[in-house]
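Enquirer: Questions regarding the structure given below will be posed in turn.
Just so you know, all these numbers are worked out from the coordinates, no wet-lab data involved. In this text, all values refer to a predicted model and were calculated from it rather than measured experimentally. Reconstructed Cβ throughout: ideal geometry from the backbone, glycine too, with neighbour counts over all protein chains shown.
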Amino acid sequence: MIATYTLAVRDPDTESLGIITASNFLAVGALVPWINARAGLVVSQSFANPDAAGSALESLRDGRSPEQALDDFLIADDLAAVRQVGIMNSAGETHLYTGANCTPEMESVTGDNFFVLGNMLIAGTAEAVAAAYSKARHDGLEMGTAMIKAMLAGQQHGGDKRGKLAAAMIIKRPHGGYLGGSDTVVDLRVDAAARPLAELRDLYSVFKLYNPQLFDFQMLELAQLTAADLRVIDDLLLQLSPDSPVTLEQPEAVAALLEKHNLAKNFDAKKLQVSSLLLSEATGFLRLTAL
């Protein structure tokens, strides 16, 4: 049984589909989230059925509706009463199903290009996730950041009533992956940890720093940074090179160090500028990479 709460979303502006899930179940990301960037997404939880999730994605790819894809998911299924399934096609049409014998609290919420689905929850968790996601998007947060913020709000409300163990986030869009060679933009998993959503948030911070070209950011003059900003950068440089310290007074050395760690796009040695992402996400990077 996979007692879980999950947020599934669509961004029509970027043609992106995303799923983020959290549970007190080992490696939840291996079983619950399924996305075809050109067809839609499937969430399969409670008694998850990966084979049926794959079949439902095939149904969406063949042009069948989410309702028809759910029928394909549940066909001749002896465990239908304990399944919990959410399906969204690439147009944002959604169909949700919760079997009568799933463990309470069972909750589902549908919103504008998103849904939340959960079982074995503290009551009100799904609404907390939905409200936080809607607000985050209204406030202008990009999709992945809004997804994580929403799930943390659900966790704060109560989340899986057994506790925390694992979390995962997948985002796909056509040709949106590494060097355009795949549809997978983000595929991050925390299979077992004391604070899985917090660790997932930090992983996403590292992803942003590795891939700043995927995000809106500004290049900031070093001379305009606050003392607190400069301390963050100093801490990052020290953690990256503790035995041979490098400082901002050595811009070429800083550039070489950041390039070595796949962070080069966040610093311009000639213009003496850093990316705003380096300031906003460095703390997550530091937490995740601390010895």
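Enquirer: Suppose only helical runs count, i.e. DSSP H with n ≥ 4. What mean residue ellipticity at 222 nm does that imply for the chain under -39500 (n - 2.57) per run, divided by all residues and rounded to the nearest 500 deg cm²/dmol?
Expert: On the way: 8 runs with 103 residues, N = 291.
My calculation for the chain gives -11000 deg cm²/dmol from helical runs alone.
Enquirer: As a test of the definition: which semi-axes, in Å, follow for region 1-82 when you take the square root of five times each eigenvalue of its alpha carbon gyration tensor? Largest first, please. Walk me through the numbers before you get to the answer.
Expert: On the way: eigenvalues 81, 65, 15 Å².
Equivalent ellipsoid semi-axes, largest first: 20, 18, 9 Å.
Enquirer: Work out how far the C-alpha atoms of region 160-291 reach from end to end along every principal axis, then list the three figures in whole Å, largest first.
Expert: 49, 34, 26
Enquirer: I would also like to ask the following. What does the net charge come to around LEU286 if you take all other residues with beta carbon closer than 10 Å to its beta carbon, with K and R at +1 and D and E at -1? Kindly include the intermediate steps, with their values, before the conclusion.
Expert: Working: positive: ARG287; negative: ASP202, ASP235, GLU281.
So the surrounding residues net to -2.
Enquirer: Right, another one. Please work out the Cα center distance from region 209-246 to region 163-195, rounded to the nearest Å.
Expert: Using only Cα atoms, the two centres lie 25 Å from each other.
Enquirer: A further question follows. Across the Cα atoms of region 219-289, what radius of gyration and what greatest pairwise Cα-Cα distance (Dmax) are found, in Å?
Expert: 10.9, 29
Enquirer: For the chain, modelled as a Gaussian network with Cα springs under 10 Å, which listed residue fluctuates most, ALA269, ALA52, ALA39?
Expert: Result: ALA269 has the largest fluctuation of those listed.
Enquirer: What residues qualify as long-range amide H neighbours of SER182, i.e. H under 5 Å apart, gap of 5 or more or another chain, H built at 1.01 Å from N?
Expert: Distant-sequence amide H within range of SER182: GLY177.
Enquirer: Given R₀ = 25 Å, what would the calculated FRET efficiency be for LYS271 paired with ASP243, taking r from the Cβ atoms and rounding to 0.05?
Expert: Working: r = 29 Å, r/R0 = 1.15.
Between LYS271 and ASP243 the formula returns 0.30.
Enquirer: Follow-up question, since we're still on this one. Please go through region 171-274 and write out the GluC sites (Glu not before Pro) that DSSP classes as loop and that have at most 12 other C-beta atoms within 10 Å. Each step should come with its number before you reach the end.
Expert: Details: sites: GLU199, GLU221, GLU249, GLU252, GLU259; in loops: GLU249.
Sites meeting the loop and neighbour criteria: GLU249.
Enquirer: When the chain is modelled as a GNM with alpha-carbon springs shorter than 10 Å, which of PRO66, PRO174, PRO196 fluctuates the most?
Expert: Comparing PRO66, PRO174, PRO196 in the GNM, the peak value goes to PRO174.
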